Amino acid sequence: MAIWDNKRTTVPVFRGDTNAHITLLMRADLGVCGQRFIGLCLLLITLSLLLVGCAGMDVPLDDSRFKAPVSKLDVVRTLVSQRDRSSATFQEQNLAYLELRGFNLSGVIFSKAYMAGIDLRETKLIRANLKDADLTGANLAGADLRSANLSGADLTGADLTGADLDDADLTGATLQNTNFNRALVRRITLKDAVLYEARFVNVYLGETNLGGLDLREVDFRGSDLSNVVLRGSNLEATDLEGINFQQADLQGVNLRRANLEWANFSQAHMQGADLTSADLSNADLRGANLHLAKLAETDMRAARLRGANISDADFTGADLRKANLFEVTALRCGFSWADLRGAMLSKGDYSGSLFRDAKMQGVKLQRAVLVDASLMAADLRDADLRGTDFLNADIRGANFLDANLGRAKNLFKARGLEKARNLSDVNW
């Protein structure tokens, strides 16, 4: 008869058969041990897999985000204990969401610290070391960050309204959606910084080097960028209406399709700049250097280019109605298919330039130089061409109806004279 043993409830034991009883107990013991062995093996395998998975994760063990947070009292004690505040350090510490408004933290070391959401309004951080610190969402409005080291710092969404960042180093910093409105940012270093959707509203950026940066989607409304360095930067399709770029370095800059209406580029260095299809209506380009610039299909109505150097620039298809190009240097320029109706081109040197099929009705071209220029099929009706030099110019198919050619020079030495239209009707 089988009974259940109290100590081994899963093993049946038969009275009267000792050998069978022992055999069953051995089998039962082996079964329990086997189960325990299998369970131990599974546990080891699971631990091994977890270790392998953790090894593949890029989470540093000393990440400041996972450290115990530092309290405001801890900060005060650290500062008080240091006679020389510049030796105080919170390197790689967790200071997230602390309220330290108005503190004097000049020279303090915060490198690699976790400072997300921290309140540092009106705080003194002169020459502070914030290298590689995480300042996402931090409030630094009105803070004094002169000569601070913010290289590699993450300031995504941070508020720096009215802050003083003169001479600060933001090399490689992440400044996405960062607010610099009304901040002082003279001579700051922004090399390799990420500025997507950053805001520089009503900011003076003079003497700042923004060269080589991707500045698309950056908000510069109301800011002064005179004397700024933007060499090789990308400002494609950016809204820069009315911005002051006076004497700025814009060599090789990408301003394709940008809104530059009423912008001031006087005396600016714009050699090789790409302004294709940009809106430059009413822009001030007096004395600017636009050598080799790309201005095809631009809207330059009523733009002012007096005294500018536009040699070798491309204005193909541009709208230059009523633009002022008085006394420009325009050697070898391309104005083919451009609209120059009512424009002022007097006293300019257009030697070797192309005006093929250009609309030039009523243009003022007095005492200009058109030596070796091409005016093939150009529409010069009612144009004022008094005193202009046509030496070796190609005027085949050009329409001179009602044009004023009084005292024109070398007109009979122009090419294609016999194929020009309405020359007999002009005012000599």
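Ordering Phe412, Phe245, Phe200, Phe326 by the number of other Cβ atoms within 10 Å of each residue's own Cβ, fewest first, gives Phe412, Phe326, Phe200, Phe245. Ignoring lysines fewer than eight residues from Lys112 along the same chain, the ones with Cα atoms less than 22 angstrom from its Cα are Lys67, Lys72, Lys124, Lys131, Lys191. Residues Arg216, Arg381, arranged from fewest to most other Cβ atoms within 10 angstrom of their Cβ, appear as Arg216, Arg381.
Note on Lys409: aspartates and glutamates with a C-alpha under 20 Å away, same-chain residues under 8 apart excluded, are Glu327, Asp349, Asp372, Asp379, Asp382, Asp384, Asp389, Asp394, Glu418, Asp425. Projected over all directions and averaged, the alpha-carbon convex hull of region 311-428 occupies 5.2 nm². At what distance in angstrom do the alpha carbon centres of region 146-217 and region 258-285 lie from each other? Measuring centre to centre over Cα atoms gives 24 Å.
FYI, it's all coordinate maths here, none of it is from the lab. Owing to the predicted nature of the structure, the values given are computational and were not obtained by experimental measurement. With ideal geometry, Cβ positions are generated from the backbone for all residues, glycine too; neighbour counts draw on all protein chains shown.
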